[in-house]
Each structure stands twice: as C-alpha cells, then as structure tokens.
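Have a look at the structure below, then the notes.
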Amino acid sequence: HTNVLLDGGELDEAVSLIDNGATVTLKAWCEGLIASNKASFTSEQDQLTSDFTTSSNTPVNVTGLSVGLDAAGQALMTFDCPWANSSHNTYYSQIYDGTTIVASSFANPTAAYSNAVSMSHFMSMGSETIVARVHRSSVGTITVRGDNDTAHMTQASLLVVKIT
C-alpha cells in the first residue's frame with residue numbers, strides 16, 4: 001500500500017514491499033519474475049563452402065554441417081540440402097542428433113538429376129551435436145551443393161535456433 005501502514009488504499013508498486021518486511025518492492029519482484037520466465041533465442045548456422053560428394057551406402061556426415069546444442073532448452077533445426085546425383089538410385093538426406101535420425105528425406109531420381117530438400121525438427125536440448133548426413137542406397141554419387149557452384153542459387157546449410 002502507500003507509506004501509511006495498513007491504510008487499505010491502492011498498492012503502490014514502487015513502495016509496497018514483498019514478504020513482510022523484505023526489501024524488495026512489488027515492482028522489482030514482478031519485473032524479476034517476468035525476466036526469469038522470458039525465453040531467449042539464439043541461432044547458429046553452418047553453410048557449405050564447397051561441394052561435398054560421397055559414394056557411401058551408409059550415412060556420412062556432411063563436412064562442415066554440425067551444430068552443438070546446449071544442455072537444456074528447446075531447439076528448432078532446419079537442413080536445406082541442394083544436391084545432384086550421378087546414377088539412377090535412391091538418395092537420402094537426414095538430420096541426426098548424435099546417432100539417431102530425427103528427420104529424413106529421400107528421392108529416387110533418374111541419372112544426372114538436381115534436387116533440393118528441406119527438413120525441420122523441433123526437440124529438447126541435452127548437449128547433443130546435430131549433424132547433417134547423406135548417403136545413397138547402392139550406386140552412383142551424391143553431390144551436396146556448396147557456395148562454389150555458380151549454376152545454383154542455394155548452398156547446403158544447417159540452421160539451429162536455440163530457445164532457452
């Protein structure tokens with residue numbers, strides 16, 4: 001209330017104290033409560049600086065596309081993967097959180113085909129390292145586009161927004 005003890009008038013946020021004689025005013029206590037419950041957003045993005053090529057039948061990390069997560073909070077991640085293939089085959093693009101696939105896309109195009117996929121995933125953070133991976137099912141190569149490919153307007157990237 002106002003400075004007069006127990007006067008029953010309006011609460012004065014700059015004068016009213018919390019917890020019976022504490023030195024924290026109602027205004028400071030409310031502002032602290034609001035600030036402590038606010039979410040903080042940070043982002044980290046890795047982009048390929050050159051093409052990445054593999055002929056692997058098992059998932060391999062795309063060199064340069066990994067982001068470490070914090071110990072707590074939430075994360076929203078997106079893997080944009082422009083790629084080309086050399087043979088008719090099934091080609092996979094995936095997001096891993098350590099060793100588990102959390103998002104995946106595949107295509108079975110004809111030879112010498114260019115494609116672009118984008119996938120997203122939302123998860124709780126626990127100090128994982130998010131990694132972009134690609135592979136083929138049996139023959140040919142997959143080339144993930146980097147920024148040195150002037151014939152294409154995009155480059156592969158892994159974007160992670162951390163919410164704490």
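The values are calculated or read from the model by the stated rules, or taken from the named source; none is laboratory data. Predicted, not measured: the structure shown is a model, and the values here were computed from it. Quick reminder, even Gly has a Cβ in these numbers, built from the backbone with ideal geometry, and neighbours come from all protein chains shown. We work out accessible area using only protein heavy atoms, side chains counted, and drop any ligands, DNA or RNA first. Shrake-Rupley method; radii C 1.70, N 1.55, O 1.52, S 1.80 Å.
Can Gly64 be described as closer than 29 Å to Lys38 by Cα, touching an Asp or Glu at 6+ places or on another chain (Cβ under 9 Å) and not charged (D, E, K, R)? Write out each step before concluding.
Working: closer than 29 Å to Lys38 by Cα: no; touching an Asp or Glu at 6+ places or on another chain (Cβ under 9 Å): yes; not charged (D, E, K, R): yes.
For Gly64, the condition - closer than 29 Å to Lys38 by Cα, touching an Asp or Glu at 6+ places or on another chain (Cβ under 9 Å) and not charged (D, E, K, R) - is not met.
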*Are any residues in the range 122-134 more than 16 Å from Tyr92 (Cα to Cα) and not hydrophobic (A, V, I, L, M, F, W, C), and if so, which ones?*
Ser124, Gly126, Ser127, Glu128, Thr129
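Among the candidates Thr129, Thr99, Thr164, Thr110, single out the residue that is open to solvent by 20 Å² or more (accessible area, probe 1.4 Å) and closer than 21 Å to Leu48 by Cα. I'd like the intermediate steps shown before the answer.
Working: Thr99 fails: closer than 21 Å to Leu48 by Cα; Thr164 fails: closer than 21 Å to Leu48 by Cα; Thr110 fails: closer than 21 Å to Leu48 by Cα.
Within the list Thr129, Thr99, Thr164, Thr110, the selection yields Thr129.
Of Ser93, Ser104, which residue is open to solvent by 60 Å² or more (accessible area, probe 1.4 Å), part of a strand (DSSP E or B) and within 18 Å of Ala156 (Cα to Cα)? So that I can check it myself, show each step before the final result.
Numbers: Ser93 fails: open to solvent by 60 Å² or more (accessible area, probe 1.4 Å).
Checking each option against the conditions leaves just Ser104.
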*Pull up the range 27-52, narrow it to residues that are closer than 26 Å to Ser86 by Cα and open to solvent by 80 Å² or more (accessible area, probe 1.4 Å), then point me to the one that is modelled with the highest pLDDT.*
Gln47
*Within the range 44-75, track down each residue that is assigned to a strand (DSSP E or B) and within 17 Å of Ser105 (Cβ to Cβ).*
Phe52, Thr54, Val60, Asn61, Val62, Leu65
